[in-house]
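Input: a single structure, listed below in structure tokens.
The values are calculated or read from the model by the stated rules, or taken from the named source; none is laboratory data. No experiment lies behind these values; they were computed from the predicted model shown. Here the Cβ positions follow ideal geometry from the backbone for every residue, glycine too, while neighbour counts run over all protein chains shown. Calculation scope for accessible area: heavy atoms of the full protein, side chains included, ligands and nucleic acids excluded. Shrake-Rupley method; radii C 1.70, N 1.55, O 1.52, S 1.80 Å.
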Amino acid sequence: AQKVTQAQTEISVVEKEDVTLDCVYETRDTTYYLFWYKQPPSGELVFLIRRNSFDEQNEISGRYSWNFQKSTSSFNFTITASQVVDSAVYFCALSVNTGTASKLTFGTGTRLQVTL
Amino acid sequence: EAQVTQNPRYLITVTGKKLTVTCSQNMNHEYMSWYRQDPGLGLRQIYYSMNVEVTDKGDVPEGYKVSRKEKRNFPLILESPSPNQTSLYFCASSYRDSRYEQYFGPGTRLTVT
């Protein structure tokens, strides 16, 4: 069975601080996909990034960066110079697709509060 | 505009009264799924569908039914709702399966008394 652990329930930072959200996953499959989604206070779910298990290159998109390490089964998300608009719940998710099954497993989420 | 719509957005009902939450997407996506979001538990997949007439259980399917008679629609049916089904429900769709970006609906807040 697959599992995603986001051990940080809530994080509070002051604007302009850097913050890293941790994500640890478990799966026996060698082919899988990892995602991050953002849920702002308005409630909608917004896709941020997708990574497949064969691509361990780190990715940077503006102030956002992602560190994928298969050796530690982690897919961590860093926000540089955080802003109040980054306040949201962030979910990490794992997809395993076997051809006959295609499930998506989410972590419990990390609530990020950025204050002035 | 590409979107996933859900109706109703808010629903208060009583135990045992059958209800249906509708979900529709206009992106011709093959994959559709339902999730429930509960405090401290994140999002959990209820059912998913990989195409018309093809549905399968997610992690928490008990007490729910789904059908996929048309590609665009994927209703969630609670035949006999109970208070433990009080939750925030999200429908989502993606191009082919769970490996692709999910497009989420706005959510349906359900309260069962």
| query | Can we say A:Gly62 is out of contact with any Lys or Arg (no Cβ under 8 Å at 6 or more places or on another chain), free of Cβ contacts under 8 Å to residues at least 12 places away in the same chain, within 10 Å of another protein chain (Cβ to nearest Cβ) and at positive phi? | reply | no
| message | Being surrounded by fewer than 22 Cβ atoms within 10 Å (Cβ to Cβ) and facing another protein chain (nearest Cβ under 9 Å) is the filter here; which residues of segment A:103-112 pass it? | response | A:Lys103, A:Thr108
| query | If you go through segment A:92-116 one residue at a time, how many are out of contact with any Leu (no Cβ under 9 Å at 6 or more places or on another chain), within 19 Å of A:Ala7 (Cα to Cα) and of a type in the set (A, V, I, L, M)? | reply | 1
| task | For segment B:68-75, state whether one or more residues are under 14 Å from the mean Cα position of the chain (by Cα) and closer than 23 Å to A:Gln39 by Cβ. | result | yes
| What tally of residues in segment A:57-80 results from selecting those that are of a type in the set (A, V, I, L, M) and open to solvent by 40 Å² or more (accessible area, probe 1.4 Å)? | 1
| task | Restricting attention to segment B:75-92, report how many residues are open to solvent by less than 10 Å² (accessible area, probe 1.4 Å) and either within 14 Å of chain A (Cβ to nearest Cβ) or assigned to a strand (DSSP E or B) (or both). | result | 7
| message | Being free of Cβ contacts under 8 Å to residues at least 12 places away in the same chain and either open to solvent by 40 Å² or more (accessible area, probe 1.4 Å) or over 20 Å from B:Ser93 (Cβ atoms) (or both) is the filter here; which residues of segment A:38-51 pass it? | response | A:Ser42, A:Glu44, A:Val46
| Qualifying positions in segment A:14-32 - crowded, with 17+ Cβ neighbours inside 10 Å and at the interface with another protein chain (Cβ under 10 Å from one of its Cβ atoms) | A:Tyr32
| request: From the list A:Phe35, A:Phe54, pick out the single residue that is within 14 Å of chain B (Cβ to nearest Cβ) and open to solvent by 60 Å² or more (accessible area, probe 1.4 Å). | output: A:Phe54
